Amino acid sequence: MLIPYYFPIKANEKARIAEQSPRPFNGRIKQLPASGRCRVNCQSKLCVAHMPPEDFDCVVIGAGVQGCFTAYHLAKNGKRTLLLEQFVLPHSRGSSHGQTRIIRKAYEHDFYTHMMAECYQLWAQLEKEAGVQLYRRTGLLLMGPEKGRDFQLFRDTMERNAIPTVTLAPGEFGRHIPHVNRSPGDGAIVDTTAGVLYADRALRAVQEVFRRLGGVIKDGEKVTDVQPGSPVAVTTASGTYRAKSLVITAGPWANTLLSHTELQLPLQVVKINVCYWREKTPGTYAVRNRFPCFLHVDVAEHHIYGLPSNEYPGLVKVCYHMGSETDPDERDRQTDRGDIDVLSRYIARHFPGLVPTPAVVESCMYTLTPDHHFVLDCHPSHRNIVIGAGFSGHGFKFGPVVGKVLCELALGRVPSYDLSPFKIQRFPPHSKSAL
Ligand SMILES: Cc1cc2nc3c(=O)[nH]c(=O)nc-3n(C[C@H](O)[C@H](O)[C@H](O)COP(=O)(O)OP(=O)(O)OC[C@H]3O[C@@H](n4cnc5c(N)ncnc54)[C@H](O)[C@@H]3O)c2cc1C
Ligand SMILES: O=C(O)[C@@H]1CCCCN1
């Protein structure tokens, strides 16, 4: 259920969460003696539960795209940084896995388009540092009712920001974009800066550079407790780590982590069916034949988008920009396929060169905020805890800049961007009657 406000957790809820969390050494750093050595005479040489804490400048929880880039920027700033990940890396249980993501400057709001300029530079920098290609330019075809609100918002933002575009008049659409049936009344604009990011490869690259910079990644270590304070302490099954600041970039698990800090955000986690559709004639919509990414707005209740066939030869990724609510730990129990029915009808109507039954269906999750804008902010009660959450299905391309601003917040610096659209305070405050 969507929680329409943020609120401190009630005492009985906290007790329930505490009960479910295995807490080595009660998870309370203050119970360790000043020497940092185990005061419990457990006689075991392999005493994990009573290990002395380790000190870092910053601990980052969650090695998805946002946590990895935050850790990377912290390490670039010479900070001793620990990146903790609950699963063994690489994994496919969060939001950042998979082969591809769209990168584009086309947006409905200036503040995203402004951030994209630096994102492109930082992606290119990572490509150089890691010696791998992470971006392939394809362009993004924006389609939608020409008089519709969403289409106009995109078009106006692109115009205001002088994004290089090509507008396709109805008469010339088929010549440039063959094998796509355009709806009458639809406008079509190509953001020529857009393209594909190789997501899994990008995560590997940023983790590798982070390690090269002296950063420490501990995977297979789930954080089970957070003790706010200065230093802040986080506990996993392997021990307790202390740091001057903490960044929580836990994707769909953000609220689980935040429950240890008496904060809940209005986040809704949904499972996305990532569908690939077979080309009737291989190559029809191929990246090598310059078929672009596309975003079709106002064609269904939510946007429909796609990427050219590339990662799986002969298969085109076309997805619905919404899914059904899920518990991130029970993702595979969510079996709703209503979105796939919408997509099948869409494919049959608009993409005559695709078989309208998905050939491959993978899973991913969105963590949605009510306005679909990110949360990039300090914790309201603990300023050395920084939160990056609610990336609402469009955060990957921003990873390098999100990481930069979360790093700035963690270091107590003035962030490079106006973060007012991303503040926690934009959510209506806790109202007693609603609890
Ligand atoms: C199908 C799909 C398509 C998308 N398409 C695009 C696109 O085209 N372009 C774009 O820009 N964006 C896109 N996105 C959105 C983008 O992928 C996400 O916004 C982004 O990956 C979110 O990253 P994250 O780091 O916040 O979350 P995650 O990747 O989920 O990372 C959070 C990490 O925290 C770890 N964690 C959680 N709890 C704990 C704990 N207690 N202890 C330790 N570790 C923990 C998790 O295991 C996970 O690895 C898409 C998303 C999906 C699902
Ligand atoms: O961020 C993106 O570019 C895409 C657009 C459509 C929905 C999924 N994310």
request  = Determine whether Cys364 is in contact (Cβ under 8 Å) with a residue 60 or more places away in the chain and of a type outside the set (Val, Ile, Thr).
outcome  = yes
task = Inspect the stretch 363-381 for any residue being among the acidic types (Asp, Glu), over 12 Å from the mean Cα position of the chain (by Cα), away from ligand 2 (no atom under 16 Å from the Cβ) and farther than 30 Å from Thr281 by Cα and give the result as yes or no.
result = yes
query = Quick check: is even one residue across the stretch 338-353 within 23 Å of Gln66 (Cα to Cα) and exposed (fewer than 15 other Cβ atoms within 10 Å of the Cβ)?
reply = no
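Only one residue in Arg383, Arg426, Arg413 is of a type in the set (D, E, K, R) and within 23 Å of His109 (Cα to Cα). Which one?
Values: Arg383 fails: within 23 Å of His109 (Cα to Cα); Arg413 fails: within 23 Å of His109 (Cα to Cα).
Unique residue meeting the criteria: Arg426.
Could you please let me know if Leu257 is touching a residue at least 12 places away in the same chain (Cβ under 8 Å) and either near ligand 1 (Cβ under 9 Å from one of its atoms) or under 24 Å from Pro380 (Cα atoms) (or both)?
Working: touching a residue at least 12 places away in the same chain (Cβ under 8 Å): yes; either near ligand 1 (Cβ under 9 Å from one of its atoms) or under 24 Å from Pro380 (Cα atoms) (or both): yes.
Spelling it out, Leu257 is indeed touching a residue at least 12 places away in the same chain (Cβ under 8 Å) and either near ligand 1 (Cβ under 9 Å from one of its atoms) or under 24 Å from Pro380 (Cα atoms) (or both).
For the stretch 290-326, give me each residue that is acidic (Asp, Glu) and either at positive phi or part of a loop (DSSP other than H, G, I, E, B) (or both). Give the steps one after another, and end with the answer.
In the first step, residues of the stretch 290-326 are kept if they are acidic (Asp, Glu); the result is 298, 301, 311, 325.
Within the stretch 290-326, Asp298, Glu301, Glu311 qualify.
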query = Only one of these conditions is not met by Thr367: (1) touching a strand residue (DSSP E or B) at 6+ places or on another chain (Cβ under 7 Å); (2) modelled with pLDDT of 95 or more; (3) surrounded by fewer than 21 Cβ atoms within 10 Å (Cβ to Cβ). Which number is it?
reply = (3)
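Yes/no matrix, rows are residues, columns are (1) at positive phi; (2) in contact with a Leu (Cβ under 8 Å, 6 or more places away or on another chain); (3) more than 13 Å from ligand 1 (Cβ to nearest atom); (4) open to solvent by 10 Å² or more (accessible area, probe 1.4 Å):
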position: Ala205; (1), (2), (3), (4): no, yes, yes, no
position: Asp225; (1), (2), (3), (4): no, no, no, no
position: Trp253; (1), (2), (3), (4): no, no, no, yes
position: Thr261; (1), (2), (3), (4): no, no, no, no
position: Gln268; (1), (2), (3), (4): no, yes, yes, yes
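Taking helices (runs of 4 or more DSSP H) that do not extend beyond the stretch 79-178, which have at least 1 residues that are crowded, with 19+ Cβ neighbours inside 10 Å?
On the way: elements: 110-130, 149-160, 170-176.
Helices (runs of 4 or more DSSP H) meeting the threshold: 110-130, 149-160.
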task = Select from the stretch 277-319 the residues that are touching a Cys at 6+ places or on another chain (Cβ under 9 Å) and within 16 Å of Asp339 (Cβ to Cβ) and write down the one among them that is surrounded by the most Cβ atoms within 10 Å (Cβ to Cβ).
result = Gly306
key: Residue, surrounded by the most Cβ atoms within 10 Å (Cβ to Cβ), within the stretch 227-251, restricted to residues that are more than 10 Å from ligand 1 (Cβ to nearest atom) and under 21 Å from Thr367 (Cβ atoms)   = Leu246
From Ala434, Ala359, residue being aliphatic (A, V, I, L, M), modelled with pLDDT under 95, surrounded by fewer than 21 Cβ atoms within 10 Å (Cβ to Cβ) and more than 16 Å from ligand 2 (Cβ to nearest atom) = Ala434
task = Could you give me the residue pairs with C-beta distances under 7 Å whose first residue belongs to the stretch 166-189 and is at pLDDT 95 or above, whose second residue is among the acidic types (Asp, Glu) wherever it lies, and which are 6+ apart or on separate chains?
result = Gly185/Glu146; Asp186/Glu146; Gly187/Glu146
task = Restricting attention to the stretch 99-134, report how many residues are closer than 11 Å to Pro400 by Cβ and β-branched (Val, Ile, Thr).
result = 1
query = Looking at (1) buried (at least 18 other Cβ atoms within 10 Å of the Cβ); (2) more than 16 Å from ligand 2 (Cβ to nearest atom), can you tell me which one Lys218 breaks?
reply = (1)
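The values are calculated or read from the model by the stated rules, or taken from the named source; none is laboratory data. On a predicted model such as this, the values are computed, not experimentally measured, just so you know. Glycine gets a Cβ as well: all are built from the backbone with ideal geometry, and neighbour counts include every protein chain shown. The protein model used for the area step is the full one, side chains on, heavy atoms only, and it has no ligands, DNA or RNA in it. Shrake-Rupley method; radii C 1.70, N 1.55, O 1.52, S 1.80 Å.
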